[in-house]
């Protein structure tokens, strides 16, 4: 099935990060897998206690794992373009609302210092947008669709 620009605009945030691979995105792959794992585990609490008593010390962390799994399963973000960005102090969202650019690379000020990204994310942001500028957002999406978001 061919990827449409409409799909790419839903899948990628204006900064170029993949919303559909974000832990907070409600329709994302992480939330879907977390919900499926939660369902598959069912009432695992009793088993985690039993396995701990049998000497499988990894299950001593069950409660913390269960809390994290619940958090990941309850993704509530609708995507950056919908105004529900979960990144604290994200400057791209405000810029997107004001300038109405599809992606940062389309802005004459790109790259700028308005993102509020840490150095690691800033370097990724620049690289993603330079690649999108080179090959286009649809081709960029297709090129990166199977790569992890968190690298």
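What follows draws every value from the coordinates through simple rules; no lab data is involved. Values in this document were obtained by computation on a predicted structure and should not be read as measured data. We place every Cβ from the backbone using ideal geometry, glycine too, and count neighbours over all the protein chains shown.
Relative contact order of region 5-144, please, whole-number percent, based on alpha carbon pairs below 8 angstrom and at least 6 residues apart.
The value is 29 percent.
In Å and on Cα atoms, what radius of gyration and Dmax does region 1-83 show?
In Å, with Rg to one decimal and Dmax whole: 17.1, 54.
Could you give the alpha-carbon Rg of the chain over 2.2 N^0.38 Å, rounded to two decimals?
Normalised by 2.2 N^0.38 Å, the Cα Rg of the chain equals 1.28.
What full-extension length gain, to one decimal in nm, is calculated for residue 150 and residue 26 as 0.36 nm per residue of separation minus the Cα-Cα distance?
Gain in length upon complete extension: 42.9 nm.
How many nm separate the modelled label positions at residue 118 and residue 66, each set 7 Å beyond the Cα in the direction of the Cβ?
3.0 nm
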